[in-house]
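Written below as structure tokens is the structure these notes are about.
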Amino acid sequence: MGERDLKISIAHLYPKLLNLYGDIGNIITLKKRCEWRGIAVEFEDINIGDKIKEHDIYFVGGGQDKQQEEVADELYRQKDFLTEERDRNAVFLGICGGYQLFGHYYQPHDKERLNGISLMDAYTVAGNTRFIGNVTARTDFLEPKTLVGFENHSGLTYLQGDTTPLAYTEVGNGNNGKDKTEGGRYKNVFGTYLHGSFLPKNPHFADYMLELALEKRYGEPIKLQPLDDKFETETHNSLIGKSY
Ligand code: GLN
């Protein structure tokens with residue numbers, strides 16, 4: 001099956017509330033990397049009150065505590081469906097606040113605990129320091145191995161059970177500034193603290209996500225043809241090792 005025969009469906013969950021620091025750039029990257037290959041993209045914004053339907057990829061951006069509060073109840077009401085989607089190997093990407101809600105809970109400062117949807121065995125508690133700055137992290141499953149981006153969070157995330165780190169920090173704080181982990185993964189659910197936005201600077205991870213989503217949809221591994229990522233790669237490499 002040629003790439004022009006392929007289709008992929010993407011849902012952007014709560015873009016009006018969780019879209020901090022240009023996280024919409026992740027959606028633009030996924031769409032463009034499909035369009036440049038002639039892969040058809042079905043796309044849907046899901047807002048408060050909408051019923052989440054079946055898709056191949058679900059994206060949730062970051063947001064301040066207040067926006068997270070508004071989204072947490074909506075997500076929690078649809079937790080069973082989203083868990084079934086996870087177990088059908090749908091691909092999820094959560095950035096920062098969205099990532100935090102993929103775990104069991106997010107405990108803000110001096111406020112009620114927010115229920116997460118437990119797509120991954122992890123939890124987050126607000127720390128006393130706000131982590132702000134560039135991050136370089138190293139994966140054990142991508143080529144190139146590095147992921148780069150910008151973090152701005154006070155939440156400290158701790159991974160448990162079968163949840164594995166997305167990467168290990170070389171520069172910056174990542175999940176909690178202590179255990180040198182950045183982000184998390186369980187099945188095809190990914191979370192990261194990297195804003196920036198994340199995928200334009202890490203095109204190899206964008207393609208990794210697209211290949212997982214295509215395998216979920218078509219039931220067989222599909223290797224995408226490489227794109228000319230000259231500019232993306234130059235940007236990525238210029239950020240490796242950069243702190244402030
Ligand atoms: N409100 C959360 C925190 O401060 C998430 C922030 C974000 O999405 N950048 O940790």
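The values are calculated or read from the model by the stated rules, or taken from the named source; none is laboratory data. Model, not experiment: these values are computed from the prediction. Positions of Cβ are generated from backbone atoms using ideal geometry, with glycine treated the same way; all protein chains shown enter the neighbour counts.
If only residues of the stretch 113-127 that are touching a residue at least 40 places away in the same chain (Cβ under 8 Å), in a loop (DSSP other than H, G, I, E, B) and out of contact with any Asp or Glu (no Cβ under 7 Å at 6 or more places or on another chain) are counted, the one that is nearest to the ligand (Cβ to nearest atom) is Gly116.
The rows are residues; the columns are (1) assigned to a loop (DSSP other than H, G, I, E, B); (2) closer than 24 Å to Asn202 by Cα; (3) charged (D, E, K, R); (4) out of contact with any strand residue (DSSP E or B) (no Cβ under 6 Å at 6 or more places or on another chain).
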site	(1), (2), (3), (4)
Thr129	no, no, no, yes
Leu147	no, yes, no, no
Ser154	no, yes, no, no
Asn176	yes, yes, no, no
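Residues considered: Tyr58, Tyr106. Of these, the only one that is more than 21 Å from Ala213 (Cβ to Cβ), within 17 Å of the chain's Cα centre (by Cα) and in contact (Cβ under 8 Å) with a residue 24 or more places away in the chain is Tyr106.
Scanning the stretch 5-37 for residues that are of a type in the set (A, V, I, L, M, F, W, C), within 16 Å of the ligand (Cβ to nearest atom) and more than 19 Å from Pro203 (Cα to Cα) yields Leu13, Leu17, Leu18, Leu20.
Considering Thr192, Thr136, the condition of being farther than 18 Å from Gly62 by Cβ and either touching a strand residue (DSSP E or B) at 6+ places or on another chain (Cβ under 9 Å) or buried (at least 23 other Cβ atoms within 10 Å of the Cβ) (or both) is satisfied by Thr136 alone. Count of the stretch 27-55 residues, restricted to those that are in contact with a Ser or Thr (Cβ under 7 Å, 6 or more places away or on another chain) and under 13 Å from Met209 (Cβ atoms), is 1.
Yes or no, residue by residue, for (1) within 16 Å of the ligand (Cβ to nearest atom); (2) closer than 24 Å to Gly155 by Cα; (3) of a type in the set (Asp, Glu):
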position	(1), (2), (3)
Ile39	no, no, no
Glu42	no, no, yes
Ile57	no, no, no
Gly63	yes, yes, no
Gln67	yes, yes, no
Arg77	no, yes, no
Gly97	yes, yes, no
His104	yes, yes, no
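Going by the conditions given, is Asp73 touching a Pro at 6+ places or on another chain (Cβ under 6 Å) and not in a loop (DSSP other than H, G, I, E, B)? The answer is no for Asp73. Is it the case that the stretch 33-52 has a residue that's at pLDDT below 95 and in contact with a Lys or Arg (Cβ under 8 Å, 6 or more places away or on another chain)? Checked against the condition, which is being at pLDDT below 95 and in contact with a Lys or Arg (Cβ under 8 Å, 6 or more places away or on another chain), the stretch 33-52 yields no hits at all.
Selection within the stretch 198-244: residues that are at pLDDT 95 or above and of a type in the set (Ser, Thr, Tyr). The member of this set that is farthest from Ile24 (Cα to Cα) is Tyr218.
Residues in the stretch 133-180 that are β-branched (Val, Ile, Thr) and either away from the ligand (no atom under 16 Å from the Cβ) or without any contact (Cβ under 8 Å) to a residue 40 or more places away in the chain (or both): Thr136, Thr139, Thr146, Val148, Thr163, Thr164, Thr169, Val171.
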